[in-house]
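Bear in mind these aren't lab numbers, they're just calculated from the coordinates by the rules spelled out. Note that the structure is a prediction, hence the values are computed from the model and not measured. Here the Cβ is made from the backbone with ideal geometry for all residues, glycine too, and neighbour counts use every protein chain on show.
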Ligand code: NAD
């Protein structure tokens, strides 16, 4: 049976480091890192995500300020809000909860956030720095995956790594991070002809497809390390990943569970990004 890679445990470790960093920053500068939480519309999962992020911020000693618009905002008003937050020296990070309601242009909104306050790491300039090999702020979920792999001492240099999914927020940046650590990276997506042929080669298999249990045990190489980024709610209400945990854990050497794997890491990395953003803005 595979070892469980415990994201909750690693997230607690990261949070403890962030908490100590926040406290040291406060002692040194009198400033409390502050996150602006911007939420448009009434989408229930987004409300839960924002509430979780604020709860973890409070645990880490990070202040948060709410900018909640259940009725939504027009695109010009959203851009004006982001400009105000960019200019406010008391705000160090801007969390713009996605997806935005219909009618809003996500790309334009993300690009309107000051890169130094982009704690999600989605701004094109920050993604460009990552591609250029000099990352400033890392997207939270891929950074959380790397943190789990590092915590458990997974060797990446020269490893065959396969990433399933090529989204801008998970798959693409994760592939870059693995590449930067000298893995040999293959990216798979919906047009990949024979998915199993690739996944079966993977010593490190990271899956972010958004398709419940699309990766079955027989698609996993014996002894692989499997990181399941997916979070899917079945009609029964059960939360499952993109990997069939039961069959995959019979072949993998180690695997992240869902829930309790990558999920808690994403929020912890957001807190780390907020602390780092505050430090950069305060130039300490
Ligand atoms: P997305 O829908 O933007 O992208 C999915 C990608 O997977 C696409 O590039 C698509 O080409 C690929 N794909 C889809 N079906 C496939 C298949 N059958 N075979 C091969 N490739 C396939 O999704 P996303 O935003 O990257 O999120 C992926 C999953 O991760 C979702 O379940 C999401 O809920 C979850 N997620 C979790 C966290 C977390 O904190 N754990 C954060 C972000 C996303």
Revision key, fill the gap. Restricted to region 257-275 and to residues being in a helix (DSSP H, G or I) and closer than 18 Å to residue 45 by Cα, the residue farthest from the ligand (Cβ to nearest atom) is 270
Check your understanding: So which residues in region 204-231 are more than 16 Å from the ligand (Cβ to nearest atom) and within 19 Å of residue 147 (Cα to Cα), if there are any at all?
Key -> 204, 224, 225
Exercise for review: Kindly check whether there is at least one residue in region 232-248 that is more than 10 Å from the ligand (Cβ to nearest atom), without any contact (Cβ under 8 Å) to a residue 60 or more places away in the chain, touching a helix residue (DSSP H, G or I) at 6+ places or on another chain (Cβ under 8 Å) and more than 23 Å from residue 9 (Cα to Cα).
Suggested key: yes
Check your understanding: Do the conditions hold for residue 278, that is, is it touching a residue at least 40 places away in the same chain (Cβ under 8 Å) and outside any helix (DSSP H, G or I)?
Key -> no
Check your understanding: Any idea which residue in region 130-170 is farthest from residue 270 (Cα to Cα), counting only those that are free of Cβ contacts under 8 Å to residues at least 40 places away in the same chain and surrounded by 24 or more Cβ atoms within 10 Å (Cβ to Cβ)?
Key -> 142
Point to revise | Matching residues in region 13-49 - criterion: being within 29 Å of residue 150 (Cα to Cα), touching a residue at least 60 places away in the same chain (Cβ under 8 Å) and out of contact with any strand residue (DSSP E or B) (no Cβ under 8 Å at 6 or more places or on another chain) | key: 13, 14, 15, 17, 18, 21, 22, 25
Exercise for review: Name, by its number, the condition in (1) over 20 Å from residue 174 (Cβ atoms); (2) in contact with a helix residue (DSSP H, G or I) (Cβ under 7 Å, 6 or more places away or on another chain); (3) surrounded by fewer than 24 Cβ atoms within 10 Å (Cβ to Cβ) that does not hold for residue 223.
Suggested key: (2)
**Study point:** Within region 189-203, considering residues that are surrounded by fewer than 24 Cβ atoms within 10 Å (Cβ to Cβ) and outside any loop (DSSP other than H, G, I, E, B), the one nearest to the ligand (Cβ to nearest atom)
**Key:** 195
